[in-house]
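What follows is a single structure, written as structure tokens, with notes after it.
The values are calculated or read from the model by the stated rules, or taken from the named source; none is laboratory data. This one's a predicted model, so the numbers in the text were calculated from it and none came from an experiment. Every residue, glycine among them, receives a Cβ derived from its backbone with ideal geometry; neighbour counts consider all protein chains shown. Heavy atoms of the whole protein, side chains included, go into the accessibility calculation; ligands, DNA and RNA do not. Shrake-Rupley method; radii C 1.70, N 1.55, O 1.52, S 1.80 Å.
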Amino acid sequence: RLRRGRDSVHALWLLLVVQVQFRVRGQRWVGRATREAMRVRPATQLEVDAAGIDAWQLGRSVWRAKRWLPLYSTCLQTAFATQRLLAAKGVASALMVGVRAESPEAHAWVRVGDFILDDQRLSEAFTAFATPGGRVEGTGR
């Protein structure tokens, strides 16, 4: 229980850091950071188990922290914070970004091991730009 509390506080800190980075560094930085985060090869479930990490609980820590934050966090910001929290625990994860075919909506989530960590549970409705750790298409300007 104490561990989950510490993870939630760490997640809150990461969400704040991501919020500041998005606002201060601008769209070009966000684009580059997103492409880099999408290129990461996520840990397999065997690697996650060997590290003794409960990826689902870490994802939940970020979602809990998001509720405490007085600022609105986008799905991309939440995914960045989740990926960074997993990295702090020594587990690689891939940030996934997808679009819906029938509308101009986009969504971001994290993939690690057998888990898709998505606070809004929308990832199934979106088609990802790339496979986890794969080549990212549409790299922009």
_Count of the stretch 86-111 residues which are aliphatic (A, V, I, L, M) and either open to solvent by 60 Å² or more (accessible area, probe 1.4 Å) or out of contact with any Leu (no Cβ under 9 Å at 6 or more places or on another chain) (or both)_ = 7
*Check whether at least one residue in the stretch 38-46 is surrounded by 13 or more Cβ atoms within 10 Å (Cβ to Cβ), within 16 Å of the chain's Cα centre (by Cα), part of a loop (DSSP other than H, G, I, E, B) and aliphatic (A, V, I, L, M), and report yes or no.*
yes
_Six or more apart or on different chains, Cβ atoms under 6 Å: show the pairs whose first residue is in the stretch 99-111 and β-branched (Val, Ile, Thr) and whose second is surrounded by fewer than 20 Cβ atoms within 10 Å (Cβ to Cβ) and part of a strand (DSSP E or B)._
99/106
*Looking only at the stretch 73-127, which residues are assigned to a loop (DSSP other than H, G, I, E, B) and in contact with a Ser or Thr (Cβ under 8 Å, 6 or more places away or on another chain)?*
93, 100, 101, 113, 119
*Within the set of pairs 6+ apart or on separate chains, which have a first residue in the stretch 118-137 that is at pLDDT below 80, a second that is open to solvent by 20 Å² or more (accessible area, probe 1.4 Å) and in a helix (DSSP H, G or I), and C-beta atoms under 7 Å apart?*
119/63; 119/66; 120/75; 136/35
*Restricting to the stretch 66-85, what's the tally of residues that are over 13 Å from residue 120 (Cβ atoms), modelled with pLDDT under 95 and surrounded by 14 or more Cβ atoms within 10 Å (Cβ to Cβ)?*
1
*asked:* Here are the criteria: (1) modelled with pLDDT of 90 or more; (2) touching a strand residue (DSSP E or B) at 6+ places or on another chain (Cβ under 7 Å). Tell me which single one residue 46 does not satisfy.
replied: (2)
*Number of the exception - residue 26 against (1) within 17 Å of the chain's Cα centre (by Cα); (2) small (Gly, Ala, Ser); (3) part of a helix (DSSP H, G or I)*: (1)
*Could you tell me whether the stretch 53-67 includes any residue that is assigned to a loop (DSSP other than H, G, I, E, B) and in contact (Cβ under 8 Å) with a residue 12 or more places away in the chain?*
yes
*asked:* Being part of a helix (DSSP H, G or I), modelled with pLDDT of 90 or more and open to solvent by less than 50 Å² (accessible area, probe 1.4 Å) is the requirement here; does residue 16 meet it?
replied: no
